[in-house]
Amino acid sequence: MIEYTLLLLVGLARYAWAAEDHDEWSYEGTTGPDAWGLIEMSGNNQCAMKRQSPIDIEVIRTKYDKSLKPLALTGHDKITPSILGVNNGHTVQLNSNEWTQKLSGGPLSGEYKLLQMHFHWGKDSYRGSEHTINGKRYPIELHMVHIAANVTDNTNFPGAIAVLGIFFNLSKGSSNMGIRKIAKLITGMEANTKINITDELSPSMLLPSSRDFFTYEGSLTTPPCSEVVTWLVLREPLKITEVELEAFRSTQLPDKKPLVDNFRPVQPLNNRVVRASFFTGSSSSLMPSLAVVVSSVLLFRLY
């Protein structure tokens, strides 16, 4: 148990393991996602289990849950003076020892502390995100990883981690301020290198104005794929330009090849339910009486 807890904490801090472990798993070939469940590690490899992430969110099958509280993000608008950008061979990740931001609300039973942020992107603008909406992939997805504030040495329980998933849509004009600041600093970034994010940056610069979200219980999206994550996938995408996407695609793997397509394929939903904090229009979210009223109105308009 101690070994597994330490392994999970290290994985959460890096979320994609260290670059020196790159040969153990990757996003292609014999060490790609299809083989992750066979990897031997000192902890508990859960990559072949039944509550895995990411997933395809079929909006019509989601359930509107009015009991979900609004998301509360405390301190996310605070400028962090010391942020370290790291290319760990799997992703570009942002770390800081000065983050004090907290996340609560939604399905969460307590507060969660911001741990790190990282990105997943594709070789082209038609793929890149890990989660999909009705089968659609976005060109890039940001994960803001939060850990339960009361966690000490045991993270081996569902809901130990809460991750905000934020999509980006391709834009021919303006883009998101936060992504602009990051993109200009990471161009050509080699594996095993670090940069200081000197421009003023706060997590809120990477958040949409809407706090509508989908939520489900899942896992980390990299080995050991621990099933300890409450996912909060935000409904509203941000904007990113092709030039900014090319900055991410110009980052490098340890073998100097481009770091691209660092996303796991979607996993089966199995018996899980995806809930929405907003009305999606799906029949499962309607009260019976309301469904009758809506049907009557539609029939009236038809005739």
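Tell me which of these C225 doesn't satisfy, since it passes every other one: (1) buried (at least 22 other Cβ atoms within 10 Å of the Cβ); (2) touching a strand residue (DSSP E or B) at 6+ places or on another chain (Cβ under 9 Å); (3) on the phi > 0 side of the Ramachandran plot.
Failed condition: (2).
Conditions: (1) modelled with pLDDT of 95 or more; (2) over 22 Å from H131 (Cβ atoms). E217 meets all but one. Number of the miss?
Going through the list (1) modelled with pLDDT of 95 or more; (2) over 22 Å from H131 (Cβ atoms), E217 breaks only (2).
Any residue at all in segment 77-88 that's in contact with a Ser or Thr (Cβ under 6 Å, 6 or more places away or on another chain), in contact (Cβ under 8 Å) with a residue 60 or more places away in the chain, among the charged types (D, E, K, R) and not in a strand (DSSP E or B)?
So far as segment 77-88 goes, yes, one or more of its residues are in contact with a Ser or Thr (Cβ under 6 Å, 6 or more places away or on another chain), in contact (Cβ under 8 Å) with a residue 60 or more places away in the chain, among the charged types (D, E, K, R) and not in a strand (DSSP E or B).
Look through segment 224-242, keep the residues that are β-branched (V, I, T) and in a loop (DSSP other than H, G, I, E, B), and return whichever of them is nearest to L103 (Cα to Cα). Quick ask: steps written out before the conclusion?
Step one: of segment 224-242, the residues β-branched (V, I, T) are 228-230, 233, 240-241.
Adding the requirement that they be in a loop (DSSP other than H, G, I, E, B) leaves 228, 241.
On the way: V228: 16, T241: 29 Å.
Selected residue: V228.
Being closer than 28 Å to I133 by Cα, hydroxyl-bearing (S, T, Y) and crowded, with 20+ Cβ neighbours inside 10 Å narrows it down to one of T74, T31, T62, so name that one.
On the way: T74 fails: crowded, with 20+ Cβ neighbours inside 10 Å; T31 fails: crowded, with 20+ Cβ neighbours inside 10 Å.
Going through T74, T31, T62 in turn, the sole match is T62.
Right, E246: of a type in the set (D, E, K, R), exposed (fewer than 15 other Cβ atoms within 10 Å of the Cβ), modelled with pLDDT of 95 or more and within 20 Å of T132 (Cβ to Cβ) or not?
Spelling it out, it is not the case that E246 is of a type in the set (D, E, K, R), exposed (fewer than 15 other Cβ atoms within 10 Å of the Cβ), modelled with pLDDT of 95 or more and within 20 Å of T132 (Cβ to Cβ).
The values are calculated or read from the model by the stated rules, or taken from the named source; none is laboratory data. Keep in mind the model is a prediction, meaning the values are calculated, not measured. Note that we place each Cβ from the backbone using ideal geometry, even for glycine, and neighbour counts take in every protein chain shown.
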